[in-house]
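For reference, the structure discussed in these notes is given below.
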Amino acid sequence: MRALTLSSLLLALKTTGALAGKANTFEIVGHTGVSAQQLFLGNEKKIYVVDKVEKNPVEVNGHPAWAVEYDLETHTTRALDVITNSFCAGGNVLGNGSWLNVGGNNAVTTGGTCVWHDDPDFMDEAERWYPTLEAVEDGSNIIMGGELWGGFVNSVDQMQNTPTYEFFPTRGDPITMQFLLDTQPANVRFESKWEYGLLNYTSNEELRLPNITHAQRTYPSSGAVAMLPLTLANNYEPTILFCGGMDPVRDDWNQTAWAVVKTPTSNSCVSIAPMDGKKAKWIDEDDMPENRGMGSAVILPDDRIFVVNGSYATDPVTRPAYYNHTAPKGSQWDSDLPHSTVNSMYHSVATLIPDGSIFIAGSNPNADVITEENNSTYLYKTEYRSEIFYPSYYDQPRPEPTGMPASISYGGDHFDLELPASSIEGVDLAVDVKVKVIRTGFSTHAMNFGMKSIELATSYSATSSGATLHVSQLPPNPALFQPGPALLFVVISGVPSHGVFVMCGSGQIETQPLLAATVLPKSTTDLSASSSTSTNGTSGAKKLAAESGAARSVGGWWSAAVVAVVVMGLPLSRL
């Protein structure tokens, strides 16, 4: 009997994940083979790592590789033969699930193969180093700003600026953007000083908003940035968070005139609700626990923001932190976490992966590959180690939903997920259960282009054997959450299920089919159910949030916050 009891106990511990003991820890899991200047999650099992042309140890077709496919299960890589030099390119995902890598250094040629395809018909109309990309409501991408060649900031005298935006697939010649002319010597993705604004890309109208406060947050000052999760509680109203950055000594970033790398970074955080238009104001949030530049902000399924990587002047910041925007002021940050043993500084990246952990890689503040063997005098070498950080929920028993869809639409009939009794024991289904759709984005240079989280409305039918979760489709407004692949999570009491890939929209780059938002079934509980559930209501209570997209026009307003360009999709009348 004792042996049986012990075996049962061990089985229970294994089932709940209590033996894992990984929560709030870092783990070095592999070697990326190429320095991770850019990175994106391509599917549930594969990450794609992109670098510039340099002497990486992995080779392909007789030359050093600068891109690999990284397997999250085996932590092995497959070299990709990229033909163009993707040095400081931008990227994002398209509505058909393809990923776009735009701009970079010169010497573009053709002849790409298979996984990585370079097509002369796909070339930008303008040369762009450090462009900004964001998806729009038909699944295409808007490409903004950049410069003709490298450097900290654009030079007026040398005419480096590319003050235009265009689209992929193309919609014609690039369109001049006055904001990018007025903020010389800066532009999108380069230092834009203190300025902030909105662009209606359908009419080329611009609306200037108040200047950002406390610190500059754009490259090369580079604060962490994220759109806070779009939820039923906030009625899908977007708020943008900026943390860290720097106040530069000179506008021209002349390194001979001041010590750029020795200038302290900031710990300040501010947010803005840009759709308030002319009434929009910068709000002071709690300061970060440490000063940090080049930090990466990653949205977690429980709605917290995880901030990692970066430096304080020349000193790496190795301790991450959680930001909780719903916590009272004075308690928004939690940094009671271990330090990483890897210095993830300039050219480091981070992204959420399906099990709810964060994949971290990169760091190369050098002109080429620097190792102990080729130059031991450099303080910070080229980094190839890949890490995973396991958030605080990682060891908890995970929800086990079944029936996860392969695609979701903009409006239309709800879909059902099944939850076993083990997933809902002691849970208030009306309050504690959330369904989240998260696009992890294209990570580079302290930002994840396209990263966004949205909550779907739910109701339930609970019995003693479990619960059926009735889940709304996306709101019928693709500007709120653009078409393309994303991760779908069921989150119970702050603990996420394993995320699965879903296609949002039609899977094509096109005007998306819109269907009316449907009213969810009323929540019910069988009297014999063992779980403590509510008997009425829709999760989040407000049907209006699920339907609000139908009443909102796709106004095309974008936040040209320089580091984060975000589709807002609200009518001009709101501004």
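Numerical summary
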| read-out | value |
| --- | --- |
| From Ser506, Ser465, residue being farther than 14 Å from Ile424 by Cβ and of a type in the set (Ser, Thr, Tyr) | Ser506 |
| Matching residues, segment 351-367, being surrounded by fewer than 24 Cβ atoms within 10 Å (Cβ to Cβ) and of a type in the set (A, V, I, L, M) | Ile353, Ile358, Ala367 |
| Residue in segment 253-269 that is closer than 30 Å to Phe501 by Cβ, in contact (Cβ under 8 Å) with a residue 40 or more places away in the chain and touching a strand residue (DSSP E or B) at 6+ places or on another chain (Cβ under 6 Å) present | no |
| Of all residues making up segment 287-324, the number that are free of Cβ contacts under 8 Å to residues at least 24 places away in the same chain and in contact with an Asp or Glu (Cβ under 8 Å, 6 or more places away or on another chain) | 1 |
| Residue in segment 406-429 that is within 30 Å of Ile360 (Cα to Cα), without any contact (Cβ under 8 Å) to a residue 60 or more places away in the chain and either among the aromatic types (Phe, Trp, Tyr) or in a strand (DSSP E or B) (or both) present | no |
| Selection status of Ala462, modelled with pLDDT of 90 or more and part of a strand (DSSP E or B) | yes |
| Selection from segment 17-41 of residues that are in contact with an Asp or Glu (Cβ under 8 Å, 6 or more places away or on another chain) and at pLDDT below 95 | Gly17, Ala18, Ala20, Gly21, Val34, Ser35, Ala36, Gln37, Gln38 |
| Subset of segment 261-306 [surrounded by 19 or more Cβ atoms within 10 Å (Cβ to Cβ), among the hydrophobic types (A, V, I, L, M, F, W, C) and over 21 Å from Ile212 (Cα atoms)] | Val298, Ile299, Leu300, Phe306 |
| Residue among Asp287, Asp303 that alone is of a type in the set (D, E, K, R) and touching a Pro at 6+ places or on another chain (Cβ under 7 Å) | Asp303 |
| Any hit, segment 320-340, residues being buried (at least 18 other Cβ atoms within 10 Å of the Cβ) and over 18 Å from Asp287 (Cα atoms) | yes |
| Enumeration of residues in segment 29-59 that are in a strand (DSSP E or B) and surrounded by 24 or more Cβ atoms within 10 Å (Cβ to Cβ) | Gln38, Leu39, Phe40, Leu41, Ile47, Val49, Val50 |
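The values are calculated or read from the model by the stated rules, or taken from the named source; none is laboratory data. These numbers come from a predicted model, not from an experiment. When we count neighbours, we look across all protein chains shown, and the Cβ atoms used for this are built from the backbone with ideal geometry, even at glycine.
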